[in-house]
1. Return yes when LEU62 is farther than 22 Å from ILE7 by Cβ, in a loop (DSSP other than H, G, I, E, B) and either in contact with a Leu (Cβ under 6 Å, 6 or more places away or on another chain) or not basic (Lys, Arg) (or both) and no when it is not.
2. Tell me which of these ARG12 doesn't satisfy, since it passes every other one: (1) loosely packed, with under 13 Cβ neighbours inside 10 Å; (2) on the phi > 0 side of the Ramachandran plot.
3. Which pairs turn up if I take residues in region 8-33 that are in a loop (DSSP other than H, G, I, E, B) and look for partners that are at pLDDT below 95 and of a type in the set (Ser, Thr, Tyr) with beta carbon separation below 7 Å, at least 6 apart in sequence or on another chain?
4. Please tell me if ASP121 is part of a helix (DSSP H, G or I), at pLDDT 95 or above and over 12 Å from the mean Cα position of the chain (by Cα).
5. In region 151-168, how many residues are without any contact (Cβ under 8 Å) to a residue 60 or more places away in the chain and buried (at least 20 other Cβ atoms within 10 Å of the Cβ)?
6. If I filter region 1-49 down to residues being among the acidic types (Asp, Glu) and over 30 Å from GLU185 (Cβ atoms), which single residue comes out as farthest from the chain's Cα centre (by Cα)?
7. Given ASN89, ASN82, which one is surrounded by 16 or more Cβ atoms within 10 Å (Cβ to Cβ) and either in contact (Cβ under 8 Å) with a residue 60 or more places away in the chain or among the basic types (Lys, Arg) (or both)?
Amino acid sequence: MAGFVVIMGQGRSGSTLLLRMLNAVPGVRISGENGKAFDHLRAFVEKFRGATAHHHTEFYRLAWQLPCTLDELTGKTARYVNDIYNPDNRYRLTGFKEIRYGWVYEDLVRDVDFLRELFPDLRIIFNTRATADAVNSEFWKEKPEESRRILEASRANFQRFHATHPDITYNVPFEEFHEGSRVLEGMFDFLEVEYSDGAHAELKRKLR
């Protein structure tokens, strides 16, 4: 399978610009948000795993018989998702961006663990923005106190996860969206794709 990346942004933090910049690189296709649809896919897989708890007798093993082995289930699920995001394996890097990850640390760990089951070479881009600026932007300003709590929690959780998983995560703050940013350009090295002229052009569009 090709590489797979998830851009986990806080919202109003530049994740759409990252999507545009990466999609300007030949052979890369990053999709938009899905409302954490993978939660439902994970629940689907976990229900089958939970069924094995009933295999304590031959009768119950038959009553809760699985359609395939658990390893086959994981493999088939991974191929299903890959076919959605990367039909015919025509792209060398695919993925999506989402702003609904990271609000609770334990959930973040669980979510990433499942994504890594599907994509062992998963890479994650953490995209944040200074809380004082983000909380005044669009939907965050509707409930500033609640928004501030969510933003601070997700920032702390992203930082905590990155500290223990620096090999699969990379931080790109909103404040690094400028010409000559080594952090921003380093993201392309981390994902092993070139910082193309098209990607640079998308950044210049934002800076106008």
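The values are calculated or read from the model by the stated rules, or taken from the named source; none is laboratory data. If you're wondering where the values come from, they're calculated on a predicted model, not measured in any experiment. Counting neighbours? That spans all protein chains shown, and the Cβs are built from the backbone with ideal geometry, glycine included.
1. Working: farther than 22 Å from ILE7 by Cβ: yes; in a loop (DSSP other than H, G, I, E, B): no; either in contact with a Leu (Cβ under 6 Å, 6 or more places away or on another chain) or not basic (Lys, Arg) (or both): yes.
So LEU62 does not fit the description; no.
2. (1)
3. Final answer for the pair search is ARG12/SER137.
4. So ASP121 does not fit the description; no.
5. Just the residues of region 151-168 that are without any contact (Cβ under 8 Å) to a residue 60 or more places away in the chain, to begin with: 152-153, 156-157, 159-168.
Adding the requirement that they be buried (at least 20 other Cβ atoms within 10 Å of the Cβ) leaves 157, 161.
Qualifying residue count, region 151-168: 2.
6. Once the filter is applied, the top-ranked residue is GLU46.
7. Working: ASN89 fails: surrounded by 16 or more Cβ atoms within 10 Å (Cβ to Cβ).
One residue alone meets the criteria, ASN82.
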